[in-house]
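Chemist: Sharing a structure below in structure tokens format, with a few things to ask.
What follows draws every value from the coordinates through simple rules; no lab data is involved. From a predicted model like this one, the values you see are computed outputs, not experimental measurements. Here Cβ is always computed from backbone atoms with ideal geometry, including for glycine, and neighbour counts include all displayed protein chains.
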Amino acid sequence: MPTLHDLIAARPPAPVGEAQQGWQARIQWLTGGLIHPGPGLAEREYRGEVASIQRSLDGPKTIVVVNPKGGGTKTTVTMLLAATMGIHRGGYTLAWDNNETRGTLGWRANPARHTNTAVDLLRDLERFNDVRGARVGDLDNYVRSQGSTQFDVLASDEDAASAASIDADAFNRLHSTLVRFYRLLVIDTGNNMRASNWQAAVAAADQLVIVSTVREDTAQSAAWLIDALRAAGQQDVVKRAVTVLTAPARTADPDLSRRLHDHFGALTRTVMDVPHDPVLVPGGPIIYDALSAQTRKAWLRVSAAVADGL
């Protein structure tokens with residue numbers, strides 16, 4: 001017998017609404033709404049990508065960004081994935097620097113009134129274990145809100161004199177607490193694949209994001225990473241992964257780009273390109289609104305591809 005679910009499933013598709021972009025929107029405005037063409041192809045693609053990002057999830061999800069080479073754009077990718085997800089999902093997104101000692105995610109983020117890091121949160125973690133008394137607002141003293149992009153940053157240790165480090169046990173304790181407060185964790189990783197916290201992050205990943213610039217050295221590092229994961233029996237993790245290639249200059253080497261697409265496309269679920277943006281070159285805090293429209297569009301596309309794997 002048909003059920004309520006069957007009745008709901010038989011509903012016709014929701015109307016797409018009036019155009020908000022392109023010449024279609026301009027005609028609508030010029031005619032005072034008398035002529036209102038539907039959205040064009042570009043706008044329909046945009047809406048589809050936003051819908052992918054906003055899809056309902058079956059629980060908190062962990063996205064892990066990897067390349068065992070410094071300068072492989074892990075931190076930039078982590079920040080811009082978290083920003084795009086936060087903007088379109090409305091918060092409850094965390095970018096977390098899971099470096100065993102010191103990473104740079106906190107330096108690329110907007111500062112907070114405090115300088116607390118994952119090490120401080122780990123020290124005080126017991127206060128969040130009481131389900132009845134723990135509040136998401138109490139995390140504000142450990143994470144750094146990124147304003148209109150609606151995500152938070154948990155930095156790694158920034159004390160030059162500190163001997164503290166994060167191992168697998170520390171990662172797992174932090175992770176099990178943080179997934180109670182955030183729907184999405186986007187995790188930046190260090191450069192040591194043998195570090196126990198690196199391995200713990202990969203084990204916790206619902207979606208692996210393998211990153212590289214369109215350069216021989218960073219691409220070889222990413223390929224070496226994939227070889228190591230496959231040799232360790234993690235072929236399925238690699239097969240479901242998204243590869244993100246960022247252009248190191250305004251014009252990337254087209255021959256190398258094709259080689260990388262062929263190589264990583266044969267191993268991972270999809271390969272996505274991101275253009276060079278001079279705003280990111282100085283290495284300071286990443287301001288999403290300062291990015292070019294082309295860059296923001298590319299990150300929307302990448303984020304949708306990542307969301308498709310969650």
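Chemist: Report, in debye and to the nearest 20, how large the dipole of the chain comes out about its Cα centre when Lys and Arg carry +1 and Asp and Glu carry -1 on their Cβ. Write out the running numbers ahead of the final one.
Modeler: Details: 32 positive and 33 negative charges, 118 e Å.
Around 560 debye, computed over the chain.
Chemist: Take the Cβ-Cβ distance between residue 169 and residue 279 as r, set R0 to 35 Å, and report the resulting FRET efficiency rounded to the nearest 0.05.
Modeler: Numbers: r = 39 Å, r/R0 = 1.10.
That gives a FRET efficiency of 0.35.
Chemist: For residue 5 and residue 45, compute 0.36 nm times the residue count separating them, minus their Cα-Cα distance, and round to one decimal in nm.
Modeler: Working it through step by step, the gained length comes to 11.6 nm.
Chemist: Compute the distance in nm between two label points, each set 7 Å from the Cα along the Cα-to-Cβ direction, one at residue 220 and one at residue 263.
Modeler: Calculated label separation equals 0.9 nm.
Chemist: What order, most packed first, do the peptides 231-238, 195-202, 284-291 have when packing is the mean number of other Cβ atoms within 10 Å of each residue?
Modeler: 195-202, 284-291, 231-238
Chemist: Order of 204-212, 246-254 by packing, highest average Cβ count within 10 Å first?
Modeler: Numbers: 204-212: 23.8, 246-254: 14.9.
Highest-to-lowest ranking by the protection proxy: 204-212, 246-254.
Chemist: Determine the distance separating the Cα centre of region 231-250 from the Cα centre of region 49-100; give it in Å without decimals.
Modeler: Result: 15 Å between the Cα centres.
Chemist: Let me ask something else about it. How high is the relative contact order of the chain, in percent, counting Cα pairs under 8 Å that sit 6 or more residues apart? Mind dumping the intermediate values first?
Modeler: On the way: 523 pairs, mean separation 69.5, N = 310.
After rounding, I find 22 percent.
Chemist: Follow-up question, since we're still on this one. Dividing the alpha-carbon Rg of region 65-121 by 2.2 N^0.38 Å yields what?
Modeler: Output field value: 1.18.
Chemist: Regarding the chain, what are the three Cα extents along the principal axes, ordered largest first, in Å?
Modeler: Projected onto the principal axes, the Cα atoms of the chain cover 68, 55, 49 Å.
Chemist: Sticking with this one: What value, in deg cm²/dmol to 500, does the helix sum -39500 (n - 2.57) over DSSP H runs of n ≥ 4 give at 222 nm once divided by the residues of the chain? List each step's numbers first, then the result.
Modeler: Numbers: 12 runs with 122 residues, N = 310.
Calculated at 222 nm, the ellipticity per residue is -11500 deg cm²/dmol.
Chemist: Using a simple charge model, +1 on the beta-carbon of Lys and Arg, -1 on the beta-carbon of Asp and Glu, nothing else, what dipole does region 264-310 show about its Cα centre, in debye to the nearest 20?
Modeler: Magnitude of the dipole: close to 100 debye.
Chemist: If you don't mind, another one. Any idea how far apart residue 113 and residue 290 come out in nm if each label point goes 7 Å out from Cα toward Cβ?
Modeler: Inter-label distance under the simple model: 2.5 nm.
Chemist: Can you tell me how much longer the chain between residue 136 and residue 256 gets when fully stretched, taken as 0.36 nm per residue apart minus their C-alpha distance, in nm with one decimal?
Modeler: 38.6 nm
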